[in-house]
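**Student:** The following block contains the structure, expressed as structure tokens.
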Amino acid sequence: MIQLHDLQFEPFISEAEIEEAIAKVASQLNADYKDENPVFLGVLNGAFMFASDVIKRFEGDCEVSFVKLGSYEGTSTTGAVKTLLGLNQQLKERRVIIIEDIVDTGNTLEEINKILKKEGVADYQVATLFFKPEAYKKEFNIKYAGLEIPNKFIVGYGLDYDGLGRNLTKVYKRKE
Ligand code: 5GP
Ligand code: MG
Ligand code: MG
């Protein structure tokens, strides 16, 4: 068990399970995009580790860019998503793969969808390491999801609780 700020967390997803989920998503992306010269668009901060690990396994040409959005305060979403660092890359007519650490309600994704539509991309899909189907409220299909998890608050492997825990190599869930 570990403590971050005022909360206790217990081990939930092992390094081996994370590896397996990354390998699964990477092989799907290789199958679908190898000759497509896609743009991987990572969503900071949470996706930095997954982006690094999954893009390393991509076998074709690709470009890599990041945006920064935020809606979480503490352990729950505020609903309002803010753009903190915007696009600095031409995405017109490009095939884009959004790289997310976790898709929860889908609010963040919806905000990115709006941005990408405005940019006139050719098409876009989402590749997320973790997905909470019970919490997801949107229509957009999550095509690449490493692991489906229950509606619990997790930290580690890029995901934080008030700034802490991103460096953890396995994933922990809040102790109930
Ligand atoms: P959504 O907008 O889909 O509700 O949430 C997306 C963002 O909220 C994620 O990219 C992530 O940064 C944060 N988030 C959602 N669920 C969790 C969670 O269980 N743990 C942590 N640490 N962050 C989460
Ligand atoms: Mg995220
Ligand atoms: Mg966070």
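**Student:** Whether any residue in region 163-176 is of a type in the set (Lys, Arg), at pLDDT 95 or above, under 16 Å from the mean Cα position of the chain (by Cα) and closer than 19 Å to Glu10 by Cα is what I want to check.
**Tutor:** Yes.
**Student:** When residues of region 165-174 are filtered for being in a loop (DSSP other than H, G, I, E, B) and in contact (Cβ under 8 Å) with a residue 12 or more places away in the chain, how many remain?
**Tutor:** The qualifying residues number 5.
**Student:** Still on this model: Out of (1) within 16 Å of ligand 1 (Cβ to nearest atom); (2) of a type outside the set (A, V, I, L, M); (3) modelled with pLDDT under 95, what's the single condition that is false for Asn88?
**Tutor:** (1)
**Student:** Identify all residues within region 121-164 that are part of a strand (DSSP E or B), closer than 20 Å to Gln28 by Cα and not small (Gly, Ala, Ser); write none if there are none.
**Tutor:** First, the residues of region 121-164 that are part of a strand (DSSP E or B): 123-131, 144-148, 154-156, 159, 161, 164.
With the extra rule that they be closer than 20 Å to Gln28 by Cα, the set shrinks to 123-131, 144-148.
Asp123, Tyr124, Gln125, Val126, Thr128, Leu129, Phe130, Phe131, Tyr144, Leu147, Glu148 - these are the residues of region 121-164 that are part of a strand (DSSP E or B), closer than 20 Å to Gln28 by Cα and not small (Gly, Ala, Ser).
**Student:** Checking the condition within 24 Å of Lys114 (Cβ to Cβ), modelled with pLDDT under 95 and under 16 Å from the mean Cα position of the chain (by Cα), which residue from Val39, Val67 passes? Before the answer, list the steps.
**Tutor:** Numbers: Val39 fails: modelled with pLDDT under 95.
The conditions single out Val67.
**Student:** Still on this structure, I have one more. I'm trying to understand the selection: among the residues of region 82-120, which are of a type in the set (Val, Ile, Thr) and more than 18 Å from Val25 (Cα to Cα)?
**Tutor:** Thr83, Thr105, Thr108, Ile112, Ile115
**Student:** Quick check on this structure: which one of Val121, Val155 is among the β-branched types (Val, Ile, Thr) and within 18 Å of Leu41 (Cβ to Cβ)?
**Tutor:** Val121
**Student:** Considering (1) within 16 Å of ligand 2 (Cβ to nearest atom); (2) of a type outside the set (A, V, I, L, M); (3) not in a loop (DSSP other than H, G, I, E, B), say which one Lys118 fails and leave the rest.
**Tutor:** Condition not satisfied by Lys118: (1).
Condition check ((1) within 13 Å of ligand 1 (Cβ to nearest atom); (2) surrounded by fewer than 19 Cβ atoms within 10 Å (Cβ to Cβ); (3) modelled with pLDDT under 95) across all residues:
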site	(1), (2), (3)
Ser76	yes, yes, yes
Leu84	yes, yes, yes
Arg94	no, no, no
Gly120	no, yes, yes
Asn141	no, yes, no
Asn151	yes, yes, no
Val155	yes, no, no
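**Student:** Scan Tyr136, Tyr124, Tyr144 and give me the residue that is of a type in the set (Ser, Thr, Tyr) and touching a Gly at 6+ places or on another chain (Cβ under 9 Å).
**Tutor:** Tyr136 is the lone residue from the list that is of a type in the set (Ser, Thr, Tyr) and touching a Gly at 6+ places or on another chain (Cβ under 9 Å).
The values are calculated or read from the model by the stated rules, or taken from the named source; none is laboratory data. Predicted, not measured: the structure shown is a model, and the values here were computed from it. Note that we place each Cβ from the backbone using ideal geometry, even for glycine, and neighbour counts take in every protein chain shown.
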